[in-house]
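K.L.:
Structure incoming, see below.
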Amino acid sequence: MNMRDFTFYTPTKVIFGKDAENRAGVEAKALGATKVLLHYGSGSVIRSGLLKRVEEALTAQGLSYVELGGVVPNPRLGLVYEGIELCRKEKVDLILAVGGGSVIDSAKVIAYGVAEPGDVWEIFDYKRVPTACLPIGVVLTIAATGSEMSNSTVITKEEGGLKRGYNNEICRPKFALMNPALTMTLPDYQTACGCTDIMMHTMERYFSNGGNMEITDALAEGLIRTVMQQARILAKDPQDYDARAEVMWAGSLAHNGLTGLGTDGGDWMPHKLQMELGGKYDVAHGAGLAAIWGTWARYVYRDCMDRFKKFAIRVMGIPDEGDDEAVILKGIEAMEDFYREIGMPTNMRELGVEPTDEDCVEMAKKCAVSVGGAKGSAKVLREPDMLAIYKAAR
Ligand code: NZQ
Ligand code: ZN
């Protein structure tokens with residue numbers, strides 16, 4: 001028997017399509033909300049008029065709200081503390097995140113912080129396990145992280161540039177309003193970053209040595225191929241509604257657990273390695289992943305040949321000819337070619353950062369601490385492996 005047992009839990013109600021954001025008031029009210037925190041980023045939702053529409057949707061249902069904007073990509077703990085204080089003072093009982101992964105994650109951390117006493121950072125420092133979380137709703141504006149349905153949240157502590165993730169079922173959003181048209185105002189770079197992240201969430205689960213299921217593989221392979229195809233369409237025509245919709249739904253499916261069922265959950269080291277780049281250099285998440293992936297893949301593939309070969313053939317369309325290693329390396333190269341095609345970097349120089357040897361040592365140390373010493377499924381990596389990958393990815 002190869003398949004692992006699993007529990008599939010995706011309690012998020014998804015309302016998908018045109019004008020979905022207008023349901024914000026109805027959905028919040030149905031959850032019994034009386035006072036909402038509208039949480040958003042650095043201004044795109046103001047410029048697009050989205051925030052105003054969401055405010056109107058809440059008011060139409062007789063709901064009052066307070067607002068906290070200013071979430072930045074790689075969201076910060078400082079604003080989270082402000083949010084917790086505001087929610088307590090205003091007796092907020094639902095947080096509505098209007099934005100992307102950064103805003104949703106910031107909302108999740110505020111929600112943990114309001115629900116229980118104590119410093120919320122303790123959760124990310126592995127000192128306390130939360131048992132409560134305020135309900136969260138989402139109006140999604142970028143297809144990328146899947147945070148709108150995921151159990152994950154990622155936050156950066158300014159002091160020391162510590163970027164940490166934490167997973168717990170209790171933070172999954174209650175509802176997600178997903179209107180693909182809202183993503184048409186994204187800069188092309190962010191669209192490409194989002195597509196990369198979506199594919200990577202699927203690939204992290206795919207490259208595993210712990211169990212598998214054909215149905216999971218078929219879903220994963222189809223999802224990656226579809227996102228590649230749609231990303232190419234969006235690179236030429238960012239206003240293509242259908243392509244926006246395909247990518248947006250793929251984003252949720254890629255990180256709600258579906259594409260990892262029956263396995264050990266996957267590898268996740270590219271994400272962990274990237275997280276240090278995000279914490280230190282504040283780079284966009286998807287671009288950081290693309291910059292590290294090829295180096296990681298070449299470092300680990302010998303320990304996971306079957307999966308890398310399957311990936312090369314079924315996802316990248318490499319003919320099954322010659323020796324396995326050649327097929328695998330062609331598959332990795334083809335993925336890097338795709339990144340370049342959509343404007344993503346394939347190393348740190350192209351990402352715009354130039355870590356010194358000392359910087360690499362520091363990132364490897366922090367990364368090892370964040371994973372408790374060792375992590376990986378395609379190949380288990382320890383601090384010396386992490387250092388080797390950081391150095392080789394420059
Ligand atoms: O802040 P605003 O002005 O809204 O601008 C944002 C931001 O500059 C802009 N943007 C978003 N929607 C837009 C738009 N601009 C124009 N039109 C729109 N419709 O895009 C920029 C990036 O936004 P951000 O929310 O940072 O992007 P993303 O969704 O990629 O989130 C990245 C964060 O999520 C974490 C990452 O580490 C990073 O901190 N992740 C969260 C995960 C999770 N919770 O499950 C999993 C991921 O692996 C990831 O680690
Ligand atoms: Zn990601």
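K.L.:
Size of the dipole of the stretch 13-182 about the Cα centre, Lys and Arg at +1 and Asp and Glu at -1 on the beta carbon, nothing else charged, in debye to 20?
P.N.:
240
K.L.:
Work out the charge dipole of the chain with +1 on the Cβ of Lys and Arg and -1 on the Cβ of Asp and Glu about the Cα centre, then indicate which of 166, 352, 278 is farthest towards its positive end.
P.N.:
Farthest towards the positive end: 166.
K.L.:
Which angle from 0 to 90°, rounded to the nearest 10, does the C-alpha axis of helix 383-392 make with the longest principal axis of the chain?
P.N.:
For 383-392 against the chain, the angle is about 80 degrees.
K.L.:
Given points 7 Å out from each Cα along the Cα-Cβ axis, report the residue 215 to residue 181 separation in nanometres with one decimal.
P.N.:
Each label point is offset 7 Å from its Cα along the Cβ direction, giving 3.6 nm.
K.L.:
With all protein chains present and a 1.4 Å probe, how do 155, 170 order by accessible area, largest first?
P.N.:
The most accessible residue leads, giving 170, 155.
K.L.:
Taking a quarter of the surface of the Cα convex hull of the stretch 189-392, what do you get in nm²?
P.N.:
10.7
K.L.:
Then there is this: Antiparallel versus total DSSP beta bridges in the stretch 95-206: what percent is that, nearest 5?
P.N.:
45
K.L.:
What does the helix-only formula give at 222 nm for the chain: each DSSP H stretch with n ≥ 4 adding -39500 (n - 2.57), the total divided by the residues, and the result rounded to the nearest 500 deg cm²/dmol?
P.N.:
-15500 deg cm²/dmol
K.L.:
Enumerate by residue number the chymotrypsin sites (Phe, Trp or Tyr not before Pro) in the stretch 78-157 meeting two conditions: DSSP loop (anything except H, G, I, E, B), and at most 15 other Cβ atoms within 10 Å of the site's Cβ. Before the final figure, lay out each step's value.
P.N.:
Numbers: sites: 81, 112, 121, 124, 126; in loops: 126.
Sparse-neighbourhood loop chymotrypsin sites (Phe, Trp or Tyr not before Pro): 126.
K.L.:
For the chain, state what percent of all Cα-Cα pairs lands in each successive 10 Å bin, counting from 0 Å until the bin that includes the largest distance.
P.N.:
5, 24, 34, 25, 10, 2, 0
K.L.:
Which value, in debye to the nearest 20, describes the size of the charge dipole of the stretch 189-392 about its Cα centre when Lys and Arg Cβ atoms bear +1, Asp and Glu Cβ atoms bear -1, and nothing else is charged?
P.N.:
On the way: 22 positive and 32 negative charges, 57 e Å.
Computed charge dipole of the stretch 189-392: roughly 280 debye.
K.L.:
Now, a different point. Could you give me D for the stretch 346-394, from Stokes-Einstein at 37 °C and 0.692 mPa s, where the hydrodynamic radius is the Kirkwood radius over C-alpha pairs? Units µm² s⁻¹, please.
P.N.:
D, rounded to a whole number, is 296 µm²/s.
K.L.:
Leaving out ligands, DNA and RNA, and with a 1.4 Å probe, what % of the accessible surface on the chain is carbon or sulfur?
P.N.:
51
K.L.:
Over the chain, give the accessible area per residue in Å² for a 1.4 Å probe, as an integer. If you can, show how the numbers build up before the last one.
P.N.:
Details: 15490 Å² over 394 residues.
That works out to 39 Å² per residue.
K.L.:
Roughly how many whole Å is it from the C-alpha centroid of the stretch 300-365 to that of the stretch 103-150?
P.N.:
About 32 Å separates the Cα centre of the stretch 300-365 from the one of the stretch 103-150.
K.L.:
Let me ask something else about it. Any chance you could get the radius of gyration and Dmax over the Cα atoms of the stretch 13-182, in Å?
P.N.:
14.6, 44
K.L.:
How about the stretch 304-344: which GluC sites (Glu not before Pro) there lie in a loop by DSSP and see at most 11 other Cβ atoms within 10 Å?
P.N.:
Values: sites: 321, 325, 333, 336, 341; in loops: 321.
Hits after loop and neighbour filter: 321.
K.L.:
A follow-up question, please. Give, in whole angstrom and from largest to smallest, the semi-axes √(5λ) of the equivalent ellipsoid of the stretch 6-48, with λ running over the eigenvalues of the Cα gyration tensor.
P.N.:
Working from the Cα gyration tensor, I get semi-axes of 23, 16, 13 Å.
The values are calculated or read from the model by the stated rules, or taken from the named source; none is laboratory data. Predicted model only: the values in this text are computed from it and were never measured. Neighbour counts are summed over all protein chains in view; Cβ atoms, including those assigned to glycine, are modelled from backbone coordinates with ideal geometry. These accessible areas exclude ligands, DNA and RNA; they are computed on the full protein's heavy atoms, side chains included. Shrake-Rupley method; radii C 1.70, N 1.55, O 1.52, S 1.80 Å.
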